[in-house]
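Asker: My questions will all concern the structure given below.
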Ligand code: SF4
Ligand code: SF4
């Protein structure tokens, strides 16, 4: 009989875990953000801690556990709920679908993303991945992709969430292979495909099956053409039983993401940056965010010279803990990111992208 304290802040996840825990001696804690210190003091020495929260809360929780002298926890991935997996069925299921973490020994990465293609069928103005400028798919070589994932799995005990994106990932010819490779090396990571959704209703049965077999979920970005087709998109995902995250309200503007000045206030830039956690893998290198790789596209296209030097070769003799600190801190490039928010109206580009779509300076 399993004895655990389950920390959970999302009502659907909590209800699911409560539902499958009958017969176990689990104590459930909701609203944990408010109660956490008292809860930890009361229970930690009696029961195993199961942490069932969004990846966005993981770092705060790990800091809290360490501050309270907790040495070991188990993570319950969200896909357990999304795919109806019964972790309390028996010891085998519990071991297979929860991830043990020894907090003062294991180095974990919170977030990783990577392109499975650079091209996109939407070509939004001001795309932060510059996919509206991309002419080549640049799909990762499958053998090298596997080598990179293997190497990362040797460096990091766990990566809480891995997102495959682009460009439009559903345009990738090798998407199924990338999915299987990520799952092979990171069996308990959240694995998501970030898509504009327009190609979802055209997904093959075989592709849908690979998505399901590997416990993948979809993150559908709410661009105007996506929202126009949202009923078809959701109907397809429901029919093929593919989980998806909450689809936000229609996105009508993009924030400009580049500045030519190198004197922006980094703290302010980071505060408004939506990519500060988006550690990005590309061809054997990892960087704090995708801009470190794709700024070159912008430099070449618009004849500017914003430096991009902070990429780390994952095959060099790197200490994983040092690498994580570097990735989590500010990079040199952050000085080139706007320290105030300026927006442009969302629209599709047709070979008419301009550098002012990204730049806050008026030239
Ligand atoms: S859909 Fe996403 S990847 Fe494609 S151009 Fe728009 S912002 Fe970029
Ligand atoms: S360089 Fe820094 S501020 Fe700019 S997008 Fe990347 S993480 Fe954000």
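Please treat every number below as a calculation from the coordinates, not as lab data. Fair warning: this is a prediction, and the values are worked out from it, not measured in the lab. Reconstructed Cβ throughout: ideal geometry from the backbone, glycine too, with neighbour counts over all protein chains shown.
Asker: Compute the projected area of the convex hull of the Cα atoms of region 107-254, averaged over all viewing directions, and report it in nm² to one decimal place.
Answerer: 8.7 nm²
Asker: Next question. Counting only helical runs of four or more DSSP H residues, what would the 222 nm mean residue ellipticity of the chain come to if each run contributes -39,500 (n - 2.57) and the total is spread over all its residues?
Answerer: Helix contribution divided over all residues of the chain: -9500 deg cm²/dmol.
Asker: I've got another one for you. Using all alpha carbons of region 41-109, what is the percent of pairwise distances in each 10 Å bin, ordered from the shortest bin to the longest?
Answerer: With 10 Å bins starting at 0, P(r) equals 18, 51, 29, 2.
Asker: Which of the three applies to region 108-357, rounded, prolate or oblate, going by the alpha-carbon gyration tensor with a ≥ b ≥ c and a/c under 1.5 meaning rounded?
Answerer: Because a/c hits 1.5 or more and a/b fails to exceed b/c, region 108-357 counts as oblate.
Asker: Once you sort the root eigenvalues of the Cα gyration tensor of region 154-240 as a ≥ b ≥ c, which label holds: rounded (a/c under 1.5), prolate (a/b larger than b/c) or oblate (the other case)?
Answerer: Prolate, since a/c reaches 1.5 and a/b exceeds b/c.
Asker: Sticking with the crude label model, points 7 Å out along Cα→Cβ, report the distance from residue 202 to residue 252 in nm, one decimal please.
Answerer: 2.9 nm
Asker: With 10 angstrom as the radius, rank 236, 343 by how many other C-beta atoms surround their C-beta, starting from the fewest.
Answerer: Ordered by Cβ neighbours within 10 Å, fewest first: 343, 236.
Asker: With labels modelled as points extended 7 Å from the Cα through the Cβ direction, what inter-label distance (nm, one decimal) is found for residue 27 paired with residue 92?
Answerer: Each label point lies 7 Å from its Cα, and together they span 3.2 nm.
Asker: For the Cα atoms of the chain, what angle does the longest principal axis make with the long axis of helix 230-239, in degrees from 0 to 90, nearest 10?
Answerer: Tilt relative to the chain: about 40 degrees.
Asker: Highest GNM mean-square fluctuation, the chain, Cα pairs closer than 10 Å: which of 216, 182, 304?
Answerer: Of 216, 182, 304, the Gaussian network model singles out 304 as fluctuating most.
Asker: Also, I was wondering about something else. Could you work out which residue, out of 347, 71, 99, moves most in a Gaussian network model of the chain, that is, has the largest mean-square fluctuation with Cα springs under 10 Å?
Answerer: Its mean-square fluctuation being the largest, the pick is 71.
Asker: Still on this structure, please answer the following. Using only Cα atoms, tell me the angle between helix 291-302 and the longest principal axis of the chain; keep it within 0 to 90° and round to the nearest 10.
Answerer: The helix 291-302 is inclined about 10 degrees to the chain.
Asker: Label-point separation (nm) for residue 317 and residue 272, each offset 7 Å from Cα along Cα-to-Cβ?
Answerer: In this crude spin-label approximation the distance works out to 4.4 nm.
Asker: Suppose a student asked you for the relative contact order of the chain, using Cα pairs under 8 Å spaced at least 6 residues apart; what percent would you report?
Answerer: After rounding, I find 15 percent.
Asker: Let me ask something else. Find the Rg to Rh ratio for region 125-171, where Rh is the Kirkwood radius over alpha-carbon pairs and Rg uses the same atoms.
Answerer: Here the Rg-to-Rh quotient is 1.06.
Asker: On C-alpha positions alone, give me the angle between the axis of helix 175-185 and the longest principal axis of the chain, in degrees, nearest 10.
Answerer: Its long axis makes an angle of about 40 degrees.
Asker: Out of 174, 158, 350, any idea which swings most in a Gaussian network model of the chain, alpha carbons joined below 10 Å?
Answerer: Largest GNM mean-square fluctuation: 350.
Asker: Considering only the chain, what is the antiparallel percent among its DSSP beta bridges, to the nearest 5?
Answerer: About 30 percent, rounded to the nearest 5.
Asker: Can you report the principal axis dimensions of region 174-310 using only the alpha carbons, biggest first, rounded to whole angstrom?
Answerer: 51, 36, 28
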